[in-house]
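Peer 1: Before we start, here is the structure in question, set down as structure tokens.
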Amino acid sequence: MNWITIVWPMVASACLTLGLIELRIALNRPLDGARLLFSLSAFAAAAACGLELAMMRANSPLQFQALLNGFDVAAGVVIASLGGFVWLYFRCGNKWLALAGPAIYAVGLVFEFLPGWALCDLTELQTIDTFGGASYRVAVLVPNPLIALPYLGVLLLLVFVVHASIELARRGQRRRAAVIGGSVVVWAIGAGTHSALIEVGVLQMPYLVSPAYLVIMLAMAYQLTSDVSAAAQLGRQLQESERRMDLASAAAGLGVWVWDLRRNAVWATAKIHSLFGIPQSERLDPARLIAAVHPDDRDALRHAVEASLTNDRDFEVEHRVPRGDAAVRWIATRGRVERDASGSPILLRGVALDISARRRSELELQQLQSQLAHSSRVSMLGQLSSALAHELHQPLCAILRNAEAAELFLQQDPPMLGELRPILADIRADNQRARDVIERLRRLLKRRSMASQTLALGDLFGDTAALTRADAAARSIRVEIEGGSDLPKVQGDPVHIQQVLLNLVVNAMDAIDREPADDRWVAVRARQHGRSEVEVAVSDSGHGIRPEDLGSLFEPFFTTKAEGMGIGLTIARTIVEAHGGRLWAENVPPAGATFRFTLPVAAEGAVR
Amino acid sequence: MSDAGRVAAIVDDDLSFSASLSRLLRGAGYAVQTFASAESYLAQGSEKTACVIADLRMPGLSGMDLQAVLEQQVGAPPLIFLTGQGDIASSVRAMRHGAEDFLTKDAPKAELLQAVERAFARDARQRQQRRHFQVLRGSFDALSPREHEVLQQVVRGKPNKQIAAALGIIERTVKLHRTAITTKLQVRSVAELTRLVEAAGLFVEDASTFPKGQ
């Protein structure tokens, strides 16, 4: 037992220990190739260490030769795996240079194992005593020129590592380049030079390849510690950021969820449980979440998720969640798909937010708007009332006259019964005419919220013409309402769109009422505008809108009429925009003002 | 011309109302023609029209416009206005321009038929006067130009001496002309002659136009 038999096993066990640690880390998913190669080099260094110790205790030149051959193989594995490690770990350097070193070393090894081509001849063993009462064996070697091959391999490795380290340093990772690159370079120069001096017979010493490997081990251990402490730091930061996110999402009332599509499992924050009305203790899965949604909204949510999975867009659904009492909670659920490298979806990540308050105020706003629209309609019909009374009066007068005529025909001798049939038919028709007038009025006067439906513009235009005819006649204005019947159906609320049309036509008539009476007209035209919209234009023969008024036309309480409230156009624009259309005004000669609005084509209409 | 040949013309853009009124008038024994606009009446209205019943409010020419056109015509029939609602300003204007009546469309039947009856009677009177006038004019046509000149002086009440001086002839010739005039016109006194001249509308500033507002 001397210091040699203590030091070398210690070096070997150190190499094995670090190799095992690195192997354990390398086998973590995903597989870390760089660390795997490093652990291989550490195991090879451990093997080289054992062979070095055995050589020091060799009994015959033949045994020494066999051990030396094994040692060269182990050293080769160290070289090759270190080269590969640096290549993978640095992610830079010259690939061919990295391959060339081990390749040339391997050629050298082939010669060593060929009989008669041995790199050096081993003539005899000498025993050398050293300090501490220890002694070791060395061989007297006679090298041949092929011995240069392995050293050339080591030199190439050296060049590769230096080059890769410089490149890495240039990329800003100076410390890693210095520590890892530096240690490999020191090891290669130290171990290489020392071995070369032994083999040319300058030094009579045992090989020190594995003790020199300690330099690399120290460097890697240092790197590992800093990696571990960086990971710990990252962990702390992650925790911190998670806490911050928790705080932020709690403050915003956001529930966060992740749906793992592969395992069909859901992870969610506590807020999700409370938003979806699921007890905190219950385990979540996608089916449970969907089941918590209001039955009428489930399909919408499912479709949104499916659409998001196919077209890769984020989804957002506003849906209800029934609460214990009859009330519902409105939730906005938003999500995004995440995909793996091959593009198949792996998870959905998203948030949910309670929007009940917003919904409530939207509802209140809608109610207010429909009330305002209603009062505007009432006031507009008030303006048309005398004309509409005339419209109603007309059929009533005709009925009266027809009845009187019938009486006269009956008084004839003999009674002219043949005249009665057309009279009764006309009375019936006039009665229908009066009822139509009343029905149109009733529809417009009824207080109602907006209800969208598919409707033909032609029908609306007919009503507009009927409602404005009398007023137009009284003011001797020609109202031409054309088109509409050949256009695709639109999506909208008939009463509200009628209100917009009436408002624009009455406005136009008011505008030209102040103009001279020679040729006064208002024209309503409709045409298709693109595939998805229908555009209605109301133009008049007036002098147009003053340029300075164009900007403020749609502002509330802006009016140019003495008796105007200034809310008609504001409401008209609100109505059109609620339908997803636009309403604007322009002066287009030779007409005066032209007001245009668009309405979306109904789904069936767009298909034609 | 008798009632049988004459017609009432209804001018109203509301076809349903005009049909009903047409029936009522036919039931009451009138012949009726209907027109959907003032323009079509002016284009197609017949000489036999004894009364125009027009809506005040129509697209294109209104009832008032029609009245203004008819005012310019000789022998235009009386006009009755019908309106949806009473409109005082329009009715005053219409009446001042000689409308026969101004009624709402739902006016009592009796009132309406009376107005039509009055219009027919007035038309008959006017036609009678026009015929009479034409006969008168015809008899004046028998006078020679010189006799016309003498007649003009006579009805102004000038004595023969002044007439002779004004026309540059002797008094005796004036007397001869006067005898010829009274013989041709079959009058016995100057007073009668003056009435006749007035009735024929001679020697007024615009003798060709039928006097208005009768």
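Peer 1: Just in region A:508-547: which trypsin sites (Lys or Arg not before Pro) are loop by DSSP and have at most 15 other Cβ atoms within 10 Å?
Peer 2: Listed in order of number, the matching sites are A:ARG514, A:ARG531.
Peer 1: Could you work out the relative contact order of region A:235-394, using alpha carbon pairs under 8 angstrom and six or more residues apart, expressed as a whole percent?
Peer 2: Relative CO of region A:235-394 lands at 19 percent.
Peer 1: Where the convex hull is taken over the Cα atoms of region A:107-193, what is its projected area averaged over directions, in nm²?
Peer 2: 8.1 nm²
Peer 1: If you don't mind, there's one more thing I want to ask. Say each of A:ALA466 and A:LEU363 gets a label point 7 Å from the Cα, pointing the same way as Cα to Cβ; how far apart are those two points in nm?
Peer 2: 3.5 nm
Peer 1: By DSSP, what percent of the beta bridges with both residues in the protein assembly as shown are antiparallel, rounded to the nearest 5?
Peer 2: Given both bridge residues lie in the protein assembly as shown, the antiparallel proportion sits at roughly 75 percent.
Peer 1: Provide the per-residue ³J(HN,Hα) series for region A:357-372, in order, calculated from phi with Karplus coefficients 6.51, -1.76, 1.60 and θ = phi - 60°, each as a whole number of Hz, with x at glycine and proline positions.
Peer 2: Result, rounded to whole Hz: 5, 5, 4, 4, 6, 4, 5, 4, 4, 4, 5, 4, 4, 6, 5, 5.
Peer 1: Could you tell me the center-to-center distance, by alpha carbons, between region A:81-160 and region A:458-498 in angstrom?
Peer 2: 99 Å
Peer 1: Distance from the Cα centre of region B:7-67 to that of region A:362-398, in angstrom?
Peer 2: If we compute the Cα centre of each part, the gap is 34 Å.
Peer 1: Follow-up. Report the full-extension gain for the segment A:LEU146 to A:SER13: residue separation times 0.36 nm, less the Cα-Cα distance, to one decimal in nm.
Peer 2: On the way: separation 133, 0.36 × 133 = 47.88 nm, distance 3.33 nm.
This chain segment gains 44.5 nm when fully extended.
Peer 1: Which FRET efficiency, nearest 0.05, do A:HIS543 and B:ALA124 yield, Cβ-Cβ r, R0 51 Å?
Peer 2: For R0 = 51 Å, the calculated efficiency reads 0.45.
Peer 1: In sequence order, what are the phi-derived ³J(HN,Hα) couplings for region A:145-157 according to the Karplus relation 6.51 cos²θ - 1.76 cosθ + 1.60 with θ = phi - 60°, rounded to whole Hz, with x for glycine and proline?
Peer 2: Those phi angles translate into x, 5, 4, 5, 4, x, 5, 5, x, 4, 4, 5, 4 Hz.
Peer 1: Same structure again: If I model a spin label at A:SER344 and A:LEU88 as a point 7 Å from the Cα along the Cα→Cβ vector, what separation in nanometres do I get?
Peer 2: So the two model labels end up 2.6 nm from each other.
Peer 1: Could you calculate the contour length gain from A:ARG24 to A:TRP584, that is, 0.36 nm times the residue separation minus the distance between their Cα atoms, to one decimal place in nm? Before the final figure, lay out each step's value.
Peer 2: Numbers: separation 560, 0.36 × 560 = 201.60 nm, distance 7.11 nm.
Full extension of this stretch gives 194.5 nm more.
Peer 1: How about region A:392-432: which GluC sites (Glu not before Pro) there lie in a loop by DSSP and see at most 13 other Cβ atoms within 10 Å?
Peer 2: none
Peer 1: Using alpha carbons only, how many angstrom separate the centre of region A:11-43 from the centre of region A:417-457?
Peer 2: First find each Cα centre; the distance between them is then 92 Å.
Peer 1: If I take every Cα pair under 8 Å that is 6 or more residues apart in region B:63-214, average their sequence separation and divide by the length, what percent do I get for the relative contact order?
Peer 2: In percent, rounded to a whole number, it is 19.
Peer 1: Additional query: Please list, in chain and number order, the residues 5+ apart from B:ALA31 or on another chain whose amide H is under 5 Å from its amide H, with Hs placed from the backbone.
Peer 2: B:ALA8
Peer 1: HN-Hα J couplings of region A:92-103 from phi, Karplus 6.51/-1.76/1.60, θ = phi - 60°, integer Hz, Gly and Pro as x?
Peer 2: 7, x, 8, 5, 5, 5, 5, 7, 5, x, x, 5
Peer 1: Further, regarding this structure: Computed FRET efficiency, Cβ-Cβ of A:GLU515 and B:ASP13, R0 30 Å: what is it to the nearest 0.05?
Peer 2: The computed FRET efficiency comes out at 0.80.
Peer 1: Would you kindly state how much longer the chain becomes between A:ALA300 and A:ALA66 on full extension, computed as 0.36 nm times their sequence separation minus their alpha carbon distance, in nm to one decimal?
Peer 2: Fully extending the segment from A:ALA300 to A:ALA66 adds 76.5 nm.
Peer 1: Kindly give the semi-axes, whole Å and largest first, of the ellipsoid equivalent to chain B, taking each as the square root of 5 times a Cα gyration tensor eigenvalue.
Peer 2: Semi-axes from the Cα gyration tensor: 47, 17, 14 Å.
Peer 1: Using the Cα centre as the reference, give the magnitude of the dipole from point charges on the C-beta atoms of the protein assembly as shown (Lys, Arg: +1; Asp, Glu: -1; all else neutral), rounded to the nearest 20 debye.
Peer 2: The dipole of the protein assembly as shown has a size of about 1500 debye.
Peer 1: While we're on this one: Got a sec? How would A:ILE198, A:ILE477 order by Cβ neighbour count within 10 Å, fewest to most?
Peer 2: Ascending number of Cβ neighbours within 10 Å: A:ILE198, A:ILE477.
Peer 1: Non-local amide H neighbours of B:GLY201 (under 5 Å, H modeled in plane, Pro and chain starts lacking H): which ones?
Peer 2: none
Peer 1: What share of all Cα pairs of chain A, in percent, falls into each consecutive 10 Å distance bin?
Peer 2: Per 10 Å bin, starting at 0, the Cα pair percentages come out as 3, 11, 13, 11, 10, 9, 8, 8, 7, 6, 6, 4, 2, 1, 1, 0, 0.
Peer 1: While we're looking at this one, here's another question. Determine, from the Cβ-Cβ distance of A:TYR222 and A:ALA251 and an R0 of 56 Å, the FRET efficiency 1/(1 + (r/R0)^6), rounded to the nearest 0.05.
Peer 2: After rounding to 0.05, the efficiency reads 0.85.
Peer 1: In nm, give the distance between the simple-model label positions of A:MET450 and B:LYS158, each being 7 Å from the Cα along the Cα-to-Cβ direction.
Peer 2: 9.0 nm
Peer 1: Turning to a different aspect of this structure: Starting from the amide H of A:ALA265, placed 1.01 Å from N in the peptide plane, find each other amide H under 5 Å away whose residue is 5 or more places distant or on another chain.
Peer 2: Residues meeting the criterion, in which the H sits 1.01 Å from N, are A:ASP260.
Peer 1: Order these by the 10 Å Cβ neighbour count, fewest first: A:LYS489, B:LYS175, A:LYS95.
Peer 2: Listing A:LYS489, B:LYS175, A:LYS95 from fewest to most nearby Cβ atoms yields A:LYS95, B:LYS175, A:LYS489.
Since every read-out is calculated from the coordinates, none of them should be taken as a lab result. Predicted, not measured: the structure shown is a model, and the values here were computed from it. Heads up, the Cβs are rebuilt from the backbone with ideal geometry, glycines too, and the neighbour counts pull from every protein chain shown.
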